[in-house]
Every structure is written in C-alpha cells, then in structure tokens.
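So the structure is just underneath, and the comments pick up after that.
The values are calculated or read from the model by the stated rules, or taken from the named source; none is laboratory data. The structure displayed is predicted, hence computed values, not measured ones. So basically every Cβ, Gly included, is an ideal-geometry build from the backbone, and we count neighbours across all protein chains shown. Ligands, DNA and RNA are stripped out before the accessible areas are found, and what is left, the full protein with its side chains, is counted by its heavy atoms. Shrake-Rupley method; radii C 1.70, N 1.55, O 1.52, S 1.80 Å.
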Amino acid sequence: EPEVTQTPSHQVTQMGQEVILRCVPISNHLYFYWYRQILGQKVEFLVSFYNNEISEKSEIFDDQFSVERPDGSNFTLKIRSTKLEDSAMYFCASSKARTGWDSNYGYTFGSGTRLTVV
Amino acid sequence: SQQGEEDPQALSIQEGENATMNCSYKTSINNLQWYRQNSGRGLVHLILIRSNEREKHSGRLRVTLDTSKKSSSLLITASRAADTASYFCATEGGYSTLTFGKGTMLLVSP
C-alpha cells in the first residue's frame, strides 16, 4: 500500500537553528499538508499546499515557517529559527482530491518527525 | 471554530467486547473522519462519513453521524488486543483542513 514517507524520524536541534523536515507524499496525490502534535495535545493544522502554492494556513504557520515542493516528489517544511515551543511531532499528509462533501477519500499521513528543540 | 471532541477520554475493555467512542463538534462540516494512532506513530485513516450520510460501515467499524446534534460515534465490534490505540475524530469544513479532537485512548485486554 502506498505510504507517505517522512525523514528524519527524530531530529534534535538547538534553539535558533533552522530545520527542514522532509516528506515524500504519495505519487498520484495532488494535495499536501503539514500538521503538528505537541505532546499530550491535539493534532493541529499548519498548512495545505496545492499546485505549487499554499492553499490554506493556520495562525501557527507564521513567518518562521515555509513550505516547498522543490522537485516532483519531495515536500518540505522549514522552520527558520526554532523555538522551544516548536518541539512537537510533525506530520505530513497527502490526499488525492480536495476532500469535501463529495469525496470518499481521507488523508494519508506519514509516521511523523519528532522535533526536539533544546 | 469547529472542533471534534471525543468521549470518553479513555476506555478499557476485554477482547471480544464492543468499543464505542463519541465525538461532538461545533460548526457545520463537509465530512467527519476517524483516525487511529498507535503510541508515538502516525495517524491512520479509518473511515470518512460525509455530511449527507447517517451511517457507514467498514469491516468491524461502524460510524454514525447526526448533524442535527453535531455528533458522531465510532463502534468497533469484536475488539482485539491489536485495536489498542488512540482514536481521533477530525472534522473537515469548507477549507479542506482537518480539526482534530483530543482523542480516546482505547485499551483492549486479552
């Protein structure tokens, strides 16, 4: 079964450093997403991406964050200057269609990257 | 903002029993989805129910949706130890983004 692949599985970084989290979505999917889950809290939406541009973003996704699809397969999340509160599990997801009332498709999530900022 | 909120927060049952988890939300939705998460792992999509559907089945899973009460339930029949995980409902509104609840931790004992 096709999978969304995320690397690395765990990253430790010093406060103020830049990190890039990488994702390889499912090849025939067109919509890409980043979510995060701070330990013990809800999974939160960060950003959605379609046709090489951001479709939606949450209040969390401020100027410190950026996304890119540098080639036909990778989808990256960059955090420019990490803060302690950025420590979380970051999930990449993709979907075949823009899910809505007329779709039966859910999202396929990767296994996540656990980011620890020290 | 719309939110999925599950109850109970934790559920402990024996193998073979049924497990029922509930989810409530606040605003109108396009669909509601249930996901499962094993400890420290990714989210696995289980089932999606559209706003114009009332019930859906997939294997041992049964999902209901009551849009008048803004609530959904997930029933897992004949549970197995391997069903032990956290279960999340997530609502999707008009912007193709998911809003997750805090989840129900299900423990199935052999």
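List the number of the failed condition for A:F65; all other conditions in (1) within 14 Å of chain B (Cβ to nearest Cβ); (2) among the hydrophobic types (A, V, I, L, M, F, W, C); (3) open to solvent by less than 30 Å² (accessible area, probe 1.4 Å) hold.
Checking A:F65 against (1) within 14 Å of chain B (Cβ to nearest Cβ); (2) among the hydrophobic types (A, V, I, L, M, F, W, C); (3) open to solvent by less than 30 Å² (accessible area, probe 1.4 Å), the one that fails is (1).
Within the stretch B:30-77, which strands (runs of 3 or more DSSP E) (wholly inside it) include 1 or more residues that are open to solvent by 30 Å² or more (accessible area, probe 1.4 Å), under 29 Å from A:P25 (Cβ atoms) and at the interface with chain A (Cβ under 10 Å from one of its Cβ atoms)?
The qualifying strands (runs of 3 or more DSSP E) are B:43-50, B:55-58.
State which residue pairs qualify: first residue surrounded by 12 or more Cβ atoms within 10 Å (Cβ to Cβ) and inside the stretch B:4-17, second residue assigned to a loop (DSSP other than H, G, I, E, B) and at pLDDT below 95 in any location, beta carbons under 6 Å apart, and separation of 6 or more residues or different chains.
What qualifies is B:G4/B:Y25; B:G4/B:G101; B:E5/B:G101; B:E6/B:G101; B:E6/B:G103; B:E15/B:P110.
Can you confirm whether the stretch B:7-17 contains a residue that is among the aliphatic types (A, V, I, L, M), within 15 Å of the chain's Cα centre (by Cα) and within 14 Å of chain A (Cβ to nearest Cβ)?
Yes, the stretch B:7-17 contains at least one residue that is among the aliphatic types (A, V, I, L, M), within 15 Å of the chain's Cα centre (by Cα) and within 14 Å of chain A (Cβ to nearest Cβ).
Out of everything in the stretch A:47-62 that is out of contact with any Lys or Arg (no Cβ under 6 Å at 6 or more places or on another chain) and aliphatic (A, V, I, L, M), what residue ends up being surrounded by the fewest Cβ atoms within 10 Å (Cβ to Cβ)?
If we take residues in the stretch A:47-62 being out of contact with any Lys or Arg (no Cβ under 6 Å at 6 or more places or on another chain) and aliphatic (A, V, I, L, M), then A:I54 is surrounded by the fewest Cβ atoms within 10 Å (Cβ to Cβ).
Sort through A:Y107, A:Y90 and tell me the only one that's within 9 Å of chain B (Cβ to nearest Cβ), within 13 Å of the chain's Cα centre (by Cα) and either open to solvent by 50 Å² or more (accessible area, probe 1.4 Å) or of a type outside the set (A, V, I, L, M, F, W, C) (or both).
A:Y107
Taking the stretch B:90-102 on its own, how many of its residues are open to solvent by 10 Å² or more (accessible area, probe 1.4 Å), of a type outside the set (D, E, K, R) and either closer than 15 Å to B:L46 by Cβ or not in a strand (DSSP E or B) (or both)?
Qualifying residue count, the stretch B:90-102: 3.
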